Amino acid sequence: MAVQQPTDKKLIAFVSRNCWSVYNFRSDVLKALLDDGYAVAVIAPGDEFAAMLTGMGCTHHEVNFSNKGRNPFADIGLYFQLKSIYRKLKPKMIFHYVIKPNIYGSLAASSLSIKSVAVVTGLGYAFAKRNWLYRLVKQLYKIALKRPEEVWFLNNEDAGIFNKEKIAGIEKIKVLPGEGVNVNYFSPAFNGEKIPNEKFCFLMSTRLLKSKGISVYADAARILRQKNYEVNFDLLGFFEEHHPDAITPEDLHKWEQEGLITYKGFVKDVRPYLKAADCFVLPSFYNEGVPRSLMEAASMELPIITSINKGCREVVLNNSTGFLCNPNDPFDLAEKMERMIKLTPNFRMRMGKHGRLHVMKKFNVEKVVEEYRRVLRKT
């Protein structure tokens, strides 16, 4: 796609691995900034959500890169692609998300004296093991994160790691309350009164990665099936074919054949499924920021079971809004799921209401929007 020279001097850019993530995680921020009079350019590989972004009033600018590749020499092309787009667009400020845009985008913006913010949405796969990939990413981050005006994190632990490892200076670090959730959109009032299920229904909605705990969910389902619980274990999400941590369709088919999980596919609007469920489950041991799925579920007054994992535990008040379980432990997860099944409907309802209040207080997207406005006022 040819890059058009903008005339609006208040142009800001959002750079990420795909249009889906920009739309799904940041559409409320985009709408607020568009209402403030900014022009917004989204720079990302195209997908079906590109049209939804342009329908909101953003412009979309195609860039070709994979966030899964491990060859830094191949990624140099991303630096030159982004630099070419930035030179033509001349944005006032650029917000970068995930590893490669944070590294190569920050360097490209700096080379053109354009201000930027790096948003570390989670440490991800590269920080899972202290191997050559971790050492390489750490070194690249050290170089690149000297350039942005600020470096944003979604939880204190990730910020602490970057500061302790001297990857980012504490003077640039800002910790957000996750990426926020629209508590009016994710509301228990959605679609009227809840209709009770014939069977208790657990729901898990996530990227289909091993470290999100999908196999743990399946094993916990097996344990409860062996105890003769007649319970539904539903799963929503999309496959990431080239991701080294991906669940395969064959894995999922095997669990379905065993009668452990019912895979519902990928959906654009998760609210009907949250409304229909009795409990939301995310047994992640991934390097999370703050999982958006947990905030959405809690905002719709759904009690939650999630792991004692950074990013996850921030959303759940143990024994008040849900239960925390040990990471990568299907027996502990099954025990917490059994406890949830045995609670009275009124007790689960109280858990859900407390969860929504917690999200409204701590994770309301309006708090995040104000952080974008604050940094933009400095330009």
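Would you confirm whether any residue within the stretch 219-227 is part of a loop (DSSP other than H, G, I, E, B), at pLDDT 95 or above and surrounded by fewer than 16 Cβ atoms within 10 Å (Cβ to Cβ)? Full working, then the answer.
To start, the set of residues in the stretch 219-227 that are part of a loop (DSSP other than H, G, I, E, B) comprises 227.
Within this subset, residues satisfying the condition of being at pLDDT 95 or above are 227.
Then keep just the ones that are surrounded by fewer than 16 Cβ atoms within 10 Å (Cβ to Cβ); that gives 227.
Yes - at least one qualifying residue is present in the stretch 219-227.
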Original post:
How do the pairs read when you match residues in the stretch 249-269 that are assigned to a helix (DSSP H, G or I) and open to solvent by 70 Å² or more (accessible area, probe 1.4 Å) with residues anywhere that are of a type in the set (A, V, I, L, M, F, W, C) and at pLDDT below 95, using Cβ under 8 Å and keeping only pairs 6 or more apart or on different chains?
Top reply: PRO249/PHE239
Original post:
Assuming PHE331 fulfils every condition listed in (1) closer than 22 Å to ASN232 by Cα; (2) touching a Cys at 6+ places or on another chain (Cβ under 9 Å); (3) open to solvent by 20 Å² or more (accessible area, probe 1.4 Å) apart from one, which condition is it?
Top reply: (2)
Original post:
From the residues in the stretch 313-328 that are open to solvent by 10 Å² or more (accessible area, probe 1.4 Å) and assigned to a loop (DSSP other than H, G, I, E, B), which one is nearest to GLY178 (Cα to Cα)?
Top reply: GLU314
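Can you pull out every residue in the stretch 33-48 that is of a type outside the set (Phe, Trp, Tyr) and either farther than 22 Å from LEU78 by Cβ or surrounded by fewer than 20 Cβ atoms within 10 Å (Cβ to Cβ) (or both)?
The answer is LEU33, LEU34, ASP35, ASP36, GLY37, ALA39, PRO45, GLY46, ASP47, GLU48.
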Original post:
Filtering the stretch 70-80 down to residues that are open to solvent by 40 Å² or more (accessible area, probe 1.4 Å) and within 25 Å of the chain's Cα centre (by Cα), which residue is modelled with the highest pLDDT?
Top reply: TYR79
Original post:
Using beta carbons and a limit of 9 Å, which pairs, at least six apart or on different chains, have the first residue in the stretch 138-164 and under 22 Å from ASN309 (Cα atoms) and without any contact (Cβ under 8 Å) to a residue 40 or more places away in the chain and the second one open to solvent by 40 Å² or more (accessible area, probe 1.4 Å) and part of a loop (DSSP other than H, G, I, E, B)?
Top reply: LYS138/GLU165; ASN156/GLU314
Original post:
ILE195 fails exactly one of the following numbered conditions: (1) part of a strand (DSSP E or B); (2) more than 23 Å from ASN328 (Cβ to Cβ). What is the number of that condition?
Top reply: (1)
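The values are calculated or read from the model by the stated rules, or taken from the named source; none is laboratory data. Just so it is clear, the structure is predicted and the values come from calculations on it, not from any experiment. Ideal geometry is used to build each Cβ from the backbone, glycine not excepted, and the neighbour counts take in all protein chains shown. Accessible surface areas use protein heavy atoms only, side chains included; no ligands, DNA or RNA. Shrake-Rupley method; radii C 1.70, N 1.55, O 1.52, S 1.80 Å.
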